[in-house]
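Participant: Please read through the structure below; I'll follow up with questions.
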Amino acid sequence: MKIVISGGPGTGKTSIINELVSIGQIVFHESSREITTKYKKLGHDQLFLSNPIKFSEILLANRIKQYKDANKFNSKNCFFDRGIPDIVAYLDYKKVTYNKDFTINSQKYKYDMIFIVEPWNEIYKKDQERYESFNQLIDIDYFIKETYRGLGYEYNIIPNGTIQQRVDYILNEIQ
C-alpha cells in the first residue's frame, strides 16, 4: 500500500516518519527542505515564496519519482512524507494560479491511505525553513484536507499523543 502522512508544518510529521524508519518501514522523505536549502545557497531565501511554480514543479517531479520508485519495493507498505496533492493544497493556500499538470498528476497517482496530522500548538515551533505562524498552519491544514477530500480521498486524523502512540495508531489502521 502507498500511505501518505500529511499535515501542515510543525505538526509532528517528521517525528512520525523518523519513527517509521527506525522500525524498518519503507519511507519516502519530504524533499521540500532539500529544495529550499539548495536554492538558499543559490541566493533564493524562500524559493516557494519567490517562485512558487518553479518550486512546485521541482517538488512534483520528485514526488512522482518517489511514487514510481515505491513500485520497485517488494514491501507491503510504503510511506510518503506528503503526497502529490499536498502541492496543490499549498498552491491553493497561497492563491497561486497553476497549470493543470498539478491536478492531473494528483488524480493520476493515487495513494491507498491518507493520514493527516492536525495543528497542535503545544508542539509547534518555527525554524529556518518553517516560516508559517500557527494561525497560517490552521489555514494550511484546511487546504490540505479540502484538496484530499476534493480528490475523493477519505483520510484518517492521527490523534495527538506521543510519537509512539501516533505510529501505533497508523500501524493499527493499516492492518
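The values are calculated or read from the model by the stated rules, or taken from the named source; none is laboratory data. As the structure is a computational prediction, the values presented were derived from the model and not from experiment. Positions of Cβ are backbone-derived with ideal geometry, glycine not excepted, and every protein chain shown enters the neighbour counts.
Participant: Does segment 90-109 contain at least one residue that is in a loop (DSSP other than H, G, I, E, B), surrounded by 14 or more Cβ atoms within 10 Å (Cβ to Cβ) and in contact with a Lys or Arg (Cβ under 9 Å, 6 or more places away or on another chain)?
Facilitator: Yes.
Participant: When you check E173 against the structure, is it under 15 Å from the mean Cα position of the chain (by Cα), in a helix (DSSP H, G or I) and at pLDDT 95 or above, yes or no?
Facilitator: Taking the combined requirement at face value, the residue does not satisfy it.
Participant: Report yes if some residue within segment 30-53 is modelled with pLDDT of 90 or more, under 12 Å from the mean Cα position of the chain (by Cα) and not hydroxyl-bearing (S, T, Y); otherwise report no.
Facilitator: no
Participant: Identify the single condition in (1) buried (at least 18 other Cβ atoms within 10 Å of the Cβ); (2) more than 22 Å from G10 (Cβ to Cβ); (3) aromatic (F, W, Y); (4) at pLDDT below 90 that F73 does not satisfy, given that it satisfies every other one.
Facilitator: (1)
Participant: Check off (1) at pLDDT 95 or above; (2) in a loop (DSSP other than H, G, I, E, B); (3) exposed (fewer than 15 other Cβ atoms within 10 Å of the Cβ) for D127 and give me the number that stays unchecked.
Facilitator: (1)
Participant: Would you check which residues across segment 139-170 are among the charged types (D, E, K, R) and in a loop (DSSP other than H, G, I, E, B) and list them?
Facilitator: Residue satisfying the conditions is E154 alone.
Participant: Only one of these conditions is not met by I104: (1) modelled with pLDDT under 95; (2) within 27 Å of N51 (Cα to Cα). Which number is it?
Facilitator: With respect to (1) modelled with pLDDT under 95; (2) within 27 Å of N51 (Cα to Cα), I104 is out only on (1).
Participant: Just to be sure I understand, how many residues within segment 55-70 are within 12 Å of S32 (Cα to Cα) and surrounded by 14 or more Cβ atoms within 10 Å (Cβ to Cβ)?
Facilitator: Adding up the residues that qualify gives 8.
Participant: Can you confirm whether S22 is modelled with pLDDT of 95 or more and over 22 Å from G150 (Cβ atoms)?
Facilitator: Taking the combined requirement at face value, the residue satisfies it.
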